[in-house]
1. Go through segment 226-264 residue by residue and tally those that are open to solvent by less than 40 Å² (accessible area, probe 1.4 Å) and either among the basic types (Lys, Arg) or not in a loop (DSSP other than H, G, I, E, B) (or both).
2. Scan segment 121-147 for residues that are open to solvent by 20 Å² or more (accessible area, probe 1.4 Å), more than 20 Å from GLU220 (Cβ to Cβ) and in a strand (DSSP E or B) and jot them down.
3. In segment 39-61, which residues are under 18 Å from the mean Cα position of the chain (by Cα), part of a strand (DSSP E or B) and not hydrophobic (A, V, I, L, M, F, W, C)?
4. Kindly list, by first and then second residue, each pair from a residue in segment 151-167 that is touching a residue at least 12 places away in the same chain (Cβ under 8 Å) to a residue that is part of a strand (DSSP E or B) and of a type in the set (Lys, Arg), limited to pairs with Cβ atoms under 6 Å and residues at least 6 apart or on different chains.
5. Give the residue that is modelled with the lowest pLDDT, with candidates limited to residues of segment 50-95 that are among the small types (Gly, Ala, Ser) and open to solvent by 20 Å² or more (accessible area, probe 1.4 Å).
6. Which residue pairs have Cβ atoms under 7 Å apart, sit 6 or more places apart or on different chains, and have a first residue in segment 226-245 that is farther than 26 Å from LEU180 by Cα and a second that is open to solvent by 90 Å² or more (accessible area, probe 1.4 Å) and in a strand (DSSP E or B)?
7. Restricting the first residue to segment 246-264 and requiring it to be over 17 Å from TRP195 (Cβ atoms) and at pLDDT below 95, which pairs with a second residue that is among the aromatic types (Phe, Trp, Tyr) and assigned to a loop (DSSP other than H, G, I, E, B) meet a Cβ separation below 8 Å and a spacing of at least six or different chains?
Amino acid sequence: MQRCVSLRRMAGVLLGLVLYFLLTVPWVQAATRTLPKDAKLHPQGWAVGDLIQFKKGTTVSTNDLGEVVSGTLADDTLLQPRGWERVIDDYYYVSAYTDLSPYFPRYPRFFAERKYNMAIPGYGHLLYKGGSTVTFSEKGEVLAGTIAEPATVRLVAGKYGFVTFKPNTALAFYDSGALLSGVLDADTNLRPVGWAANNRADDSAGFIKFSGKKNVVFSENGEVISGTLKEPVKWHSTEGPVREFSAQSSVHFYEQGTAAEKAD
C-alpha cells in the first residue's frame, strides 16, 4: 500500500513539473519581426554558433527555433550559396601594408609603407551585398541573394561549362544546388529548354546566344526556361510553322519544343 502511495506521489510530482515547464518556458515559434537596431543573429541550419549582422529597420523571418530564414544584411558578407560546390574562382581581395626598410623618420610615413592586394580563397563562399535580403536553405546555405561581386558557377554538375553572373544583381539556386536564375555578366551561348525538339538545320548544336546584363531562368538541367535573345532566332516549333524572334526579345521556352515571346 505504501509503495502505491509513493508511486502516485511521484507521478503527481512529475505531472506538476511537466505542467510547470509548459506554463513557464516560452515556446519559440516561426515569426516575422522588424529589427529596432542592427542585430547579430543565427541563420537557420548552421552547425556552429556563428552570427551575422542584420540591418536595423528591416524585417527578419525566423523558423520555430528562432533561426533566421531570411533577412537583410547590414554589411557585405561572405556566405556559402546552396550550390557552393559549383562556384569557381571564388577568391576575394584584401589590402595589406608592409614596411620598407630602412625606415627614415624624417620622411612622411607613406614613403615607408607599401600597399598590396592579397587574394584569399573563399572556399565556395560568395560576397553578398549589404542592404540586400538573403534567404537560407534548411542546411544554412543561401538560396537567393544579391551578389556584391561577379560570380562564376558551373552550370551542370559533372559537366564542363561555366556561367558568370553580374555583380549587384540577384542570384538564386534550386534546393538541389542547381542554378535557378541570375543576371548574365556577358553575352552567353546556352541551350534553351526543348532545344532537342527544335530541329535547326545549322551547326548551332542547340545553342542560342542570350544577352548579357539580362536575367535568365534555368531548369534544374541547366537549360534556359526564359531569357533575352542577343540575336534574331528562327524557332522550329513542334506545334506549327517556324517562329521568328527578333534580337532583344524576351522568350519563354517549353519542354515540348514550343516557345513564346514574353510581354515586358
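1. 12
2. Selection gives PRO121, LEU127, THR133, THR146.
3. PRO43, GLN53, SER61
4. Cβ pairs passing all conditions: PHE162/ARG154.
5. SER95
6. VAL242/LYS234; GLU244/LYS234
7. Hits for this filter: zero, empty list.
Per-residue answers, yes or no, for (1) polar (S, T, N, Q); (2) part of a loop (DSSP other than H, G, I, E, B); (3) out of contact with any strand residue (DSSP E or B) (no Cβ under 7 Å at 6 or more places or on another chain); (4) within 23 Å of LEU127 (Cα to Cα):
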position: GLU149; (1), (2), (3), (4): no, yes, no, yes
position: VAL156; (1), (2), (3), (4): no, yes, yes, yes
position: PRO167; (1), (2), (3), (4): no, yes, no, yes
position: LEU171; (1), (2), (3), (4): no, no, no, yes
position: VAL183; (1), (2), (3), (4): no, no, no, yes
position: ASP203; (1), (2), (3), (4): no, yes, yes, no
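The values are calculated or read from the model by the stated rules, or taken from the named source; none is laboratory data. This structure is a prediction, so every number in the text was calculated from the model and none was measured. Cβ: placed from backbone, ideal geometry, glycine included. Neighbour counts: every protein chain shown. What goes into the accessible areas is simple: the full protein's heavy atoms, side chains included, and nothing from ligands, DNA or RNA. Shrake-Rupley method; radii C 1.70, N 1.55, O 1.52, S 1.80 Å.
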